[in-house]
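Student: Have a look at the structure that comes next, please.
The values are calculated or read from the model by the stated rules, or taken from the named source; none is laboratory data. Every value quoted in this text rests on a predicted model; they were computed, and no experiment measured them. Cβ sites come from the backbone with ideal geometry, for glycine too, and all protein chains shown count toward neighbours. Heads up: the accessible areas ignore ligands, DNA and RNA and are worked out on the full protein's heavy atoms, side chains in. Shrake-Rupley method; radii C 1.70, N 1.55, O 1.52, S 1.80 Å.
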Amino acid sequence: SSSLSTDEAYKILGLTRGCSEQDVIRTANKLQKKIHPDVNPNSNTERLSQIVNEAKELILKNDFN
């Protein structure tokens, strides 16, 4: 279970309700590329990466099932 609300998940990904499933996946992947620890070794991005994943999964589960 997630501690995020669906509204928070959309905010994290910078999307709004009504976007497509592809938008959610594409945006989450883009964010993951930016914050991935291999790309950004200096910053502590592991938790951020988890949050982005959580947001994506939550939206996909709640709005595209």
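Student: Look at the range 24-49 and say how many of its residues are farther than 15 Å from Ala9 by Cα and open to solvent by less than 70 Å² (accessible area, probe 1.4 Å).
Tutor: Selection size over the range 24-49: 5.
Student: Could you pull out the residue among Glu21, Glu57 that is touching a residue at least 40 places away in the same chain (Cβ under 8 Å) and within 15 Å of Ser3 (Cα to Cα)?
Tutor: Result: Glu57 is the single residue among Glu21, Glu57 that is touching a residue at least 40 places away in the same chain (Cβ under 8 Å) and within 15 Å of Ser3 (Cα to Cα).
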